[in-house]
Amino acid sequence: MTIFDDEFPAVAKLDRDLLDAVRRAATDAAGDGVEFIVNSGWRSPEYQEQLLREAISEHGSEEEAARWVSTPDTSAHVSGDAIDIGPARATAWLSRHGADYGLCQIYRNEPWHYELRPEAIDDGCPPMYADPTHDPRMQR
């Protein structure tokens with residue numbers, strides 16, 4: 001889906017400010033021939049729990065899975081405050097231009113995961129965490 005597909009809850013339930021910023025960025029990126037695809041946006045707590053169980057199965061432990069998938073209580077996707085963008089050309093474009101819209105990559109191991117940091121427009125994006133296990137928000 002694209003960031004303009006409001007019929008999907010993954011887009012429609014995103015934080016309004018995040019949605020507006022990503023839409024502005026997507027419109028400008030299109031002028032450079034780059035299309036944003038929403039790989040994941042808002043997620044229900046149930047879906048987040050399913051993703052976590054799958055990650056534990058894939059990675060062999062809760063500790064290793066936590067590097068990739070947060071709990072429903074801590075996930076910025078469940079609150080509508082995060083979006084995963086693809087393909088690689090789109091993430092490369094956001095890496096170069098995202099701060100102009102307040103859009104920042106949060107985790108070094110997830111180049112597709114972006115969150116809104118309005119202060120980035122003036123100050124640039126904050127340093128990235130290596131992965132979610134280093135993010136104090138995940139320590140709830």
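Give me D for the range 31-104 in µm² s⁻¹, whole number, from Stokes-Einstein with Rh from the Kirkwood sum over alpha-carbon pairs, 37 °C and 0.692 mPa s.
Values: Rh = 13.6 Å.
The Stokes-Einstein estimate is 241 µm²/s.
Using a 1.4 angstrom probe on the protein heavy atoms only, line up R16, R23 by accessible area, largest first.
These residues rank, largest area first, as R16, R23.
Given the whole protein assembly as supplied and a 1.4 Å probe, what does the accessible area of W68 come to in Å², nearest 10?
For W68, solvent-accessible area is about 90 Å².
Nearest-5 percent of antiparallel DSSP beta bridges in the chain? Spell out each step's value before the answer.
Values: 9 of 10 bridges.
If I count the DSSP bridges inside the chain, around 90 percent turn out antiparallel.
Treating only the Cβ of Lys, Arg, Asp and Glu as charged (+1, +1, -1, -1), what charge dipole size does the range 1-50 show about its Cα centre? Round to the nearest 20 debye. Spell out each step's value before the answer.
On the way: 5 positive and 11 negative charges, 14 e Å.
Here the range 1-50 has a charge dipole of around 60 debye.
Could you give the dipole magnitude of the range 69-140 about its Cα centre, charging the beta-carbon of Lys and Arg +1 and that of Asp and Glu -1, in debye to the nearest 20?
Values: 6 positive and 11 negative charges, 39 e Å.
The calculated dipole for the range 69-140 is roughly 180 debye.
Could you work out the local net charge near I106, counting Lys and Arg as +1, Asp and Glu as -1, over the other residues with Cβ closer than 12 Å to its Cβ?
That sum, taken over residues with Cβ under 12 Å, equals -3.
By accessible area of protein heavy atoms, probe 1.4 Å, what ranking do S75, S95, S44 get, highest first?
From most exposed to least exposed: S95, S44, S75.
Could you state the accessible area per residue of the range 1-92 in Å², with a 1.4 Å probe and every protein chain left in place? All intermediate terms of the calculation are to be shown ahead of the outcome.
Working: 4730 Å² over 92 residues.
Value for the range 1-92: 51 Å² per residue.
For the range 25-71, how big is the tail of P(r) above 15 Å, as a whole percent of Cα pairs? Mind dumping the intermediate values first?
Working: 611 of 1081 pairs.
More than 15 Å apart: 57 percent of the Cα pairs in the range 25-71.
What spacing in nm lies between the two simple spin-label points modelled at Q139 and H59, each 7 Å away from Cα in the Cβ direction?
1.8 nm
Taking just the C-alpha trace of the range 61-124, give me its Rg and Dmax in Å.
That works out to 12.6, 40 Å for Rg and Dmax.
So how strong a dipole does the range 1-108 carry about its Cα centre when Lys and Arg Cβ are +1 and Asp and Glu Cβ are -1, to the nearest 20 debye?
Working: 10 positive and 20 negative charges, 64 e Å.
Taking the Cα centre of the range 1-108 as origin, the dipole is about 300 debye.
Please find the FRET efficiency linking K13 to I37, where r is the Cβ-Cβ separation and R0 is fixed at 22 Å, and quote it to the nearest 0.05. Show your work: numbers first, answer last.
Numbers: r = 18 Å, r/R0 = 0.81.
FRET efficiency, K13 to I37: 0.80.
Can you tell me the 0 to 90 degree angle between the C-alpha axis of helix 45-59 and the longest principal axis of the chain, rounded to 10?
Rounded to the nearest ten degrees, it is 70.
P132: net charge of surrounding residues, Cβ under 10 Å, Lys/Arg +1, Asp/Glu -1, itself excluded? Before the final figure, lay out the partial values.
On the way: positive: R67, R137; negative: E110, D131, D135.
Once all neighbours under 10 Å are counted, the net charge is -1.
Which semi-axis lengths, in whole Å and largest first, follow from the square roots of five times the eigenvalues of the Cα gyration tensor of the range 14-140?
Rounded to whole Å, the semi-axes are 25, 15, 14.
Protein chains only, probe 1.4 Å: how do C104, C125 rank by accessible area, largest first?
Numbers: C104 0, C125 55 Å².
Largest accessible area first, the list is C125, C104.
Expressed as an acute angle from 0 to 90° and rounded to the nearest 10, what is the orientation of the C-alpha long axis of helix 88-97 relative to the principal long axis of the chain?
On a 0 to 90 degree scale, this one is about 70.
Note the angle between two axes, namely the Cα long axis of helix 16-31 and the longest principal axis of the Cα atoms of the chain, as a number of degrees from 0 to 90, rounded to the nearest 10.
It is inclined by approximately 50 degrees.
Keeping the other protein chains in place, figure out the carbon and sulfur percent of the accessible area of the range 37-140, with a 1.4 Å probe. List each step's numbers first, then the result.
On the way: 2780 of 5460 Å².
Its accessible area is 51 percent carbon and sulfur atoms.
State, as an integer percentage, the relative contact order of the chain based on alpha-carbon contacts under 8 Å between residues 6 or more apart. Don't skip to the answer; put the middle values down first.
Values: 236 pairs, mean separation 33.0, N = 140.
It comes to 24 percent, rounded to a whole number.
The values are calculated or read from the model by the stated rules, or taken from the named source; none is laboratory data. These figures come from a predicted structure and were not determined experimentally. Every residue, glycine as well, gets a Cβ built from its backbone with ideal geometry; the counts of neighbours run over all protein chains shown. For accessibility, only protein heavy atoms count, side chains too; no ligands or nucleic acids. Shrake-Rupley method; radii C 1.70, N 1.55, O 1.52, S 1.80 Å.
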